[in-house]
Structures are given as C-alpha cells and as structure tokens.
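Asker: Here it is: the structure, laid out below.
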2 protein chains.
Amino acid sequence: MMSPAAQRWARTGVAVARVTIRDVADLAGVSTATVSRALSGAKPVSPPVLEQVTRAAADLGYSGNGIASALRRSRTDTVGMVVPSIANPFFTALVESVEHALQAAGLQLFLCSSRSDPALEAQRLRSLVARQVDGIVISPAHGTASADAVAWAAGQLPLVQVDRYVGGMSSDWVGVDDDAALRLVLEHLAGRGARSAVFVSSTMTNSSTELRVAGFTTHAARLGIAVPDVLLGDYSIDWGREATGRLLAAGDLPDAVVCADDLIALGVLQTCAEAGVVVPRDVLVTGFDDIPYSALSNPPLTTVHQPQDQIAVEAVRLLSAALEDPTGIPARHALTPSLVVRASTSR
Amino acid sequence: MMSPAAQRWARTGVAVARVTIRDVADLAGVSTATVSRALSGAKPVSPPVLEQVTRAAADLGYSGNGIASALRRSRTDTVGMVVPSIANPFFTALVESVEHALQAAGLQLFLCSSRSDPALEAQRLRSLVARQVDGIVISPAHGTASADAVAWAAGQLPLVQVDRYVGGMSSDWVGVDDDAALRLVLEHLAGRGARSAVFVSSTMTNSSTELRVAGFTTHAARLGIAVPDVLLGDYSIDWGREATGRLLAAGDLPDAVVCADDLIALGVLQTCAEAGVVVPRDVLVTGFDDIPYSALSNPPLTTVHQPQDQIAVEAVRLLSAALEDPTGIPARHALTPSLVVRASTSR
DNA sequence: CACAACGAGGCAATCGATTACATGGATGGT
DNA sequence: ACCATCCATGTAATCGATTGCCTCGTTGTG
C-alpha cells in the first residue's frame with residue numbers, strides 16, 4: 001500500500017521546487033546552521049529544537065542536497081569502481097563483495113565498465129576524478145595501455161587495484177597468487193596422468209594474464225608436461241569455443257586444456273560436447289575464477305577458486321587506510337587461491 | 001609506457017592541492033568566466049585566448065570539479081539505476097545495455113543494488129535523490145513494499161521502471177509481455193505432449209512475477225494442462241534445487257516444470273541430473289530470460305528470450321524525454337518476447 | 001564623422017550546505 | 001556576588017564553477 005504522502009507525490013508528477021535547508025530553517029524558526037547541526041548530529045542541539053527541526057524536515061520531505069554538501073566538505077562518501085566487464089560473473093561477484101564491504105564503511109559505490117577498452121577506461125577515470133569520488137577501485141583493462149590513466153588517477157586520489165595491476169607504478173593492489181594457482185592446477189593434472197597440456201588464455205595484456213601464462217609454462221616444465229600450444233584470444237565463452245575448434249581441426253588433442261578463466265573453459269566444454277569429445281575421458285579441462293555457473297556445466301568444471309570476498313574486504317581496508325592517511329606506503333596482497341576439483345578432471 | 005607527466009604523478013603519491021579554475025585563470029591571465037567558457041564552449045572566445053586557456057589547463061592537469069559544476073547547473077549528467085541483484089545475469093545484461101544506451105546520450109550510470117530488500121532499496125533511492133542524479137531507472141524489488149519509495153522518488157525526478165513495476169502509481173515502464181511469454185511456453189509444451197505442469201517461481205511480490213503466475217495459470221487452463229502445484233521461493237539456483245527436491249520427494253513428476261527465471265531452471269536441471277531424472281525424456285523444463293548460461297547447461301535450456309537491448313534503449317528514450325519535458329504522460333511499453341527452443345524440451 | 005550593433009571578456013551573484021567564529025545566556029566555583 | 005566557563009545558536013565566509021549583466025573596444029552603416 002502507498003502512504004498518503006507518497007500518493008500525493010505520485011499524483012503531482014515531477015517535483016515542484018526542491019526543498020532546501022533554508023526552507024526547513026524557516027519552518028522550524030531557526031538558522032540553517034542549526035538545521036545542519038540537528039540533522040547531521042555534528043554538534044548537539046537542544047531537544048526541543050531537535051524536535052522542531054526533525055518535524056519540519058519530515059513535513060517538507062527534505063532530503064538534502066548531497067552535491068552542495070559534497071562541495072563544502074570536499075567529500076562525497078562515494079568510491080568509484082572500474083571493471084573491464086560487468087557481464088563477467090567473476091567481476092560482478094567482485095563488485096557485489098566490494099559494495100558490501102563499502103557499505104560497512106558508510107560508502108556508496110559508483111560502478112563503471114571499461115569494456116576492456118583503455119580509452120574508455122581513461123574517460124571513466126577522468127569522469128570519476130571530476131566527480132570527486134573519495135577513492136577508486138580498479139581492475140585495469142590493460143597492463144601497459146592503462147598505465148598512464150591509472151597512474152594519473154592514483155596521483156589525484158587514493159586508488160587500489162584489484163585482481164590485475166598495471167606495470168611501472170606502485171599503488172595498493174589485492175589479488176590472487178597466480179603462480180600458486182597454476183601450480184595447483186598443473187600438479188593436479190599431473191596427478192591425473194596428464195603428459196601434455198595447452199593453455200587457452202587472453203592476449204597477454206595485463207598482469208594476471210601474464211602471470212598465469214608464466215605460471216603455466218614454468219610449472220608445466222617443472223612437472224615434465226609438454227606444452228604443444230598456447231592460444232590467446234579474450235576472456236569469453238566464444239573464444240573458448242573458437243580455440244577448441246582450432247585444437248580439433250589441428251588433429252590430436254592434448255591430455256589437458258587449461259583455461260585462464262571459467263568463461264573460456266565453459267566454451268571449451270560446450271564445443272567438446274558438440275564434437276563428441278568426452279570430458280574428462282578424452283581430455284581434462286580446467287577453468288579459473290570459480291564462477292557460479294562452473295558448477296552447472298556439463299560436466300561440472302574443475303577450477304581455481306578466487307576468494308573475492310577477501311579481495312574485496314582487503315581492498316576496502318586499504319582504501320579506507322589511504323583515505324585516512326594518503327601518504328601511506330603502497331601494499332600488495334597476493335591471496336592464496338584454492339583448487340575446486342569437479343568432474344571435468346576426475347572420474 | 002607511461003608518459004613523463006604520469007610518472008611524476010605516480011612518484012608524487014597522492015595529490016597536492018587540487019587545481020581549480022582559478023589557477024587556470026591566473027596562469028592564462030584571464031578571468032574564471034573566460035576559462036569556463038573556453039573549456040565548455042558555452043560561448044565563443046577568441047582563438048588566442050582559447051589557446052592560452054587550453055594550454056594552461058593542460059599544463060596544470062586541470063580536470064574540473066564536477067561537484068561544483070553540478071551544484072551550479074543543478075544537473076549531474078548522471079542517472080541512477082537500482083536493480084534487485086547484480087549477481088543475476090539478466091540484470092547485469094540489462095545494466096550493460098542501459099549503460100550503453102546512456103553513453104550515446106552523454107550520461108553516466110550510477111549503479112545500486114537493492115539486494116531485493118525494499119528497505120535497502122528505499123535507502124538507495126534517497127541516496128540517489130540526494131546526489132541529484134538527473135533521473136532513475138529502477139527494477140523494483142517488491143510490488144507493494146517498494147511502492148512508497150518509488151512513488152516518492154518519481155515525485156522528485158524523472159523515473160522509469162524496467163522489467164517490473166510497482167502497483168498503485170503511474171510512471172514510465174518498459175518490460176516484456178509476461179502473459180504472451182507464458183502463452184508461448186505453454187503452447188510449446190502442449191505441442192510436446194505435456195498434460196501437466198508445475199510452475200516454480202518466486203513468492204509473488206512483484207508485477208512480473210504475478211503476471212507470470214497468472215499467465216501460467218490461464219494458459220494452462222486454456223490448453224487443458226493440469227497444474228498439480230505452484231512452488232514459490234526466490235529467483236536463485238538454490239531455490240530451483242530445493243523445489244526439485246520437493247517434487248521428487250512428493251512422488252511422481254509432472255510432464256513439465258516451468259520456471260519463472262533461468263536461475264531457477266538451472267537449479268532444477270542440476271538436481272534432476274543428480275537424481276538420475278533425464279531431461280527432456282522424463283520431464284520437460286523451461287526457463288525465462290535467456291541468460292548466456294542457459295545455452296550451456298546440461299541439457300541446454302529452452303527459455304523465453306527477453307529483448308534487453310530494446311528494453312534499455314526504450315527506457316533511456318523515455319528518460320531523456322522526461323528530462324526534456326517532465327510533464328509528459330507516463331508510457332507503458334510491453335515488448336514482445338520470443339521462445340528459444342533448446343534440448344530441455346526437445347532433443 | 002557619428003552612432004548603432006556586436007562580440008569578447010570581466011565582475012559578481014549564485015547554487016545549497018557546512019563550519020569557524022562571534023554572541024549571549026546560563027551555570028558553577030570561590 | 002562576581003567572574004570564568006560552557007553550551008546552544010546565529011552570522012557569514014566558504015567550497016568551485018557557471019552565467020546574467022555590464023563594459024569596452026571594434027566594426028559597420030547612414
């Protein structure tokens with residue numbers, strides 16, 4: 001049901017003049033300073049005045065002007081977040097965790113997608129800085145092409161990178177230990193008897209992608225696993241499909257296909273199924289991220305679990321610290337990943 | 001690579017005093033008014049002055065103060081969007097489409113999640129209004145509990161509802177024709193020989209949910225399909241699993257399980273697979289939304305495709321219109337859905 | 001040549017809230 | 001009873017950009 005007040009609004013259509021602190025002050029018979037203090041609680045006001053003001057504000061439906069407030073306080077209580085894609089479940093999960101963590105700190109989240117385009121990303125960053133967000137959480141689109149814009153933004157306000165980071169600058173970063181993750185994957189595959197493996201990843205354009213390729217190569221070498229090929233495309237289901245098509249066309253499959261993220265792996269699984277290649281009998285497949293859908297694929301996917309809640313909490317902690325003391329020393333936190341073994345590599 | 005300027009920033013650490021229009025004016029030897037006009041292009045300035053100002057702004061790394069600008073112009077060029085969940089791929093797809101459509105109009109998106117909680121949703125709406133966004137796009141959490149807050153917000157600024165709408169108020173709305181969608185589903189199932197079907201949905205708390213249940217019931221009746229049960233929970237994979245568990249425990253399965261969204265359907269499919277129930281041989285299953293993962297499940301899911309791009313474009317069009325002329329008459333656009341037939345109801 | 005018309009650019013008010021400082025009344029200590 | 005505190009409240013400056021209005025110089029026209 002709707003309250004009478006709401007009904008009035010609904011009928012009125014779009015607003016009359018917006019109600020300001022001045023109006024509340026006049027109605028309550030006090031100064032704007034007192035209204036401000038009464039509503040924000042910054043300084044104590046006498047009970048009767050508080051009552052007056054609260055009532056007046058409620059009567060007028062006063063909701064304040066955050067813009068004016070932000071201008072004066074030079075604080076927006078908002079942090080901006082820039083991710084390469086909001087369609088990728090890993091990032092949406094991360095966004096959700098970050099939003100949750102921010103809420104506890106009384107901060108709002110302003111979300112932007114860079115669509116993996118450094119130019120668009122730079123524009124988003126400029127826009128966030130112009131909007132005076134208090135800080136920025138970013139997962140950069142590109143390891144080098146994003147560097148200028150990220151470094152510039154980091155010079156304007158507190159900034160923490162998550163998951164990936166750009167080269168050539170120092171700022172806070174929180175992510176996962178990619179080398180350790182690939183070690184887990186390859187040791188598991190070796191244990192399942194794999195003697196050869198290809199890696200399907202994205203064109204090497206950012207830190208985590210590079211570290212995953214590097215980790216794959218070194219641990220494969222260490223374990224005596226042959227690496228017939230490394231295929232680079234982008235982080236998408238479609239690329240997983242295409243890469244699999246190429247492998248099938250090329251002739252005999254490796255013992256394992258290691259994917260740099262779950263979307264790619266889901267594409268791989270789908271194309272294998274279509275081609276009559278049985279996973280894990282004919283080939284082992286692994287992913288990375290542990291998105292919710294990786295448990296639902298056919299077969300369910302063995303993957304590296306990213307502790308995004310921890311990443312988010314830690315990122316917000318670092319950001320809050322930087323808000324308090326902007327001169328602190330940048331920290332880099334590589335969290336420990338874990339392996340989730342499912343049917344795509346067992347049975 | 002990083003430019004020298006960016007490197008300076010990166011080394012400097014967090015900003016010195018922020019550079020204002022005053023600094024630019026002083027360096028360029030003109031007034032702030034001229035700087036404003038030169039940079040915004042609001043009024044023409046002479047070529048030499050323009051040159052001076054542009055150079056000064058660049059030298060200082062001036063990026064403006066969007067807050068101050070917003071206060072003066074009472075326009076933020078930002079629209080807020082509130083969705084029940086950013087983990088649900090349907091909403092993320094919608095968000096992405098809306099962001100895309102807004103970009104064309106030169107607007108930024110401020111995204112909030114209500115976590116399907118009307119109280120949190122009301123808080124988000126207050127916050128958006130306080131932040132003076134130019135307009136709001138919302139998919140309300142609840143059909144009645146959200147009504148007050150949505151109506152209030154609609155009274156403050158242009159607002160368009162998407163996908164779902166709250167009862168008792170008139171505002172712009174864009175969504176899909178739920179009745180037509182359920183007609184498609186049930187006629188398809190009837191064609192596949194189904195004589196009984198249960199509906200697995202969310203507790204009836206918003207327009208589209210209600211319309212889907214209603215559509216299911218009427219079309220089932222019309223087609224002579226028995227309805228042994230309607231199970232209500234929430235829009236999640238887990239609820240799909242639990243509902244299936246109940247159906248299995250209750251004894252014999254209906255010919256078809258119709259789900260109110262794809263997440264539920266994915267949960268249903270998973271539990272069926274675990275229980276050795278073969279889809280579509282033993283039971284037909286359908287979803288709603290056509291999220292990307294519905295094509296990857298085991299078996300791939302027959303579902304109703306929502307034209308979210310169209311929904312987004314239309315929503316932004318309505319919003320822009322309301323921005324121009326806030327007194328316009330609310331419009332409701334029910335777009336036509338289509339059925340995507342996959343293996344969960346065929347072979 | 002005189003005056004109108006115009007264009008560039010400066011001055012200062014303005015948006016709405018916050019807050020340093022000032023004021024005045026009440027309280028308390030000696 | 002007097003003076004020092006203290007507390008609630010008001011006054012007005014302030015945040016940074018935009019913009020109405022005015023000035024001044026230039027060009028065009030009768």
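Asker: Scanning the range A:34-48 for residues that are buried (at least 17 other Cβ atoms within 10 Å of the Cβ) and near DNA strand D (Cβ under 7 Å from one of its atoms), which turns out nearest to the other protein chains (Cβ to nearest Cβ)?
Answerer: By that ranking, first place goes to A:37.
Yes or no, residue by residue, for (1) surrounded by fewer than 16 Cβ atoms within 10 Å (Cβ to Cβ); (2) outside the structural domain of residue A:298 (by TED's automatic domain parsing); (3) touching a Lys or Arg at 6+ places or on another chain (Cβ under 9 Å); (4) under 26 Å from residue A:88 (Cα atoms):
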position: A:222; (1), (2), (3), (4): yes, no, yes, no
position: A:240; (1), (2), (3), (4): no, no, no, yes
position: A:244; (1), (2), (3), (4): no, no, no, yes
position: A:260; (1), (2), (3), (4): no, no, yes, yes
position: A:263; (1), (2), (3), (4): no, no, no, yes
position: A:267; (1), (2), (3), (4): no, no, yes, yes
position: A:278; (1), (2), (3), (4): yes, no, no, no
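Asker: How many residues does the range A:204-227 contain that are of a type in the set (Lys, Arg) and in contact with an Asp or Glu (Cβ under 7 Å, 6 or more places away or on another chain)?
Answerer: Matching residues across the range A:204-227 total 1.
Asker: State the number of residues belonging to the range A:75-101 that are within 16 Å of DNA strand D (Cβ to nearest atom) and either aromatic (Phe, Trp, Tyr) or more than 8 Å from chain B (Cβ to nearest Cβ) (or both).
Answerer: Residues in the range A:75-101 being within 16 Å of DNA strand D (Cβ to nearest atom) and either aromatic (Phe, Trp, Tyr) or more than 8 Å from chain B (Cβ to nearest Cβ) (or both): 2 in total.
Asker: Mind checking which residues of the range A:65-74 are facing chain B (nearest Cβ under 7 Å) and small (Gly, Ala, Ser)?
Answerer: Result: A:66, A:68, A:70.
Asker: Right, here's the next one. How many of the residues in the range B:294-315 are surrounded by fewer than 23 Cβ atoms within 10 Å (Cβ to Cβ) and within 11 Å of chain A (Cβ to nearest Cβ)?
Answerer: Total satisfying the criteria: 5.
Asker: Considering only the range B:37-94, state which residues are basic (Lys, Arg), in a helix (DSSP H, G or I) and either more than 13 Å from DNA strand C (Cβ to nearest atom) or within 25 Å of residue B:160 (Cβ to Cβ) (or both).
Answerer: Result: B:55, B:73.
Asker: If you scan the range A:319-331, which residues turn out to be crowded, with 16+ Cβ neighbours inside 10 Å and either within 27 Å of residue A:260 (Cα to Cα) or not aliphatic (A, V, I, L, M) (or both)?
Answerer: A:320, A:330, A:331
Asker: Does residue A:169 meet the test of being in a loop (DSSP other than H, G, I, E, B), modelled with pLDDT under 95 and away from chain B (no Cβ under 14 Å)?
Answerer: On the way: in a loop (DSSP other than H, G, I, E, B): yes; modelled with pLDDT under 95: yes; away from chain B (no Cβ under 14 Å): no.
Considered against the rule, which asks whether it is in a loop (DSSP other than H, G, I, E, B), modelled with pLDDT under 95 and away from chain B (no Cβ under 14 Å), residue A:169 comes out as no.
Asker: Do we find that residue B:119 is at the interface with chain A (Cβ under 10 Å from one of its Cβ atoms) and free of Cβ contacts under 8 Å to residues at least 24 places away in the same chain in this structure?
Answerer: It is false that residue B:119 is at the interface with chain A (Cβ under 10 Å from one of its Cβ atoms) and free of Cβ contacts under 8 Å to residues at least 24 places away in the same chain.
Asker: Within the range A:147-193, which residues are of a type in the set (A, V, I, L, M) and surrounded by fewer than 23 Cβ atoms within 10 Å (Cβ to Cβ)?
Answerer: A:157, A:169, A:180, A:184, A:190 - these are the residues of the range A:147-193 that are of a type in the set (A, V, I, L, M) and surrounded by fewer than 23 Cβ atoms within 10 Å (Cβ to Cβ).
Asker: Still on this structure, I have one more. Is it the case that residue A:301 is among the aliphatic types (A, V, I, L, M) and at pLDDT 95 or above?
Answerer: Here the answer is yes, as residue A:301 does meet what is asked.
Asker: Could you grab me the full set of residues in the range B:36-55 that are within 24 Å of residue B:73 (Cα to Cα) and not polar (S, T, N, Q)?
Answerer: B:37, B:38, B:39, B:41, B:42, B:43, B:44, B:45, B:50, B:53, listed by residue number.
Asker: Those residues that are within 44 Å of the chain's Cα centre (by Cα) and either of a type in the set (Phe, Trp, Tyr) or crowded, with 18+ Cβ neighbours inside 10 Å (or both), I need them from the range B:24-33; list them, please.
Answerer: B:24, B:25
The values are calculated or read from the model by the stated rules, or taken from the named source; none is laboratory data. Source: prediction; values computed, not measured. With ideal geometry, Cβ positions are generated from the backbone for all residues, glycine too; neighbour counts draw on all protein chains shown.
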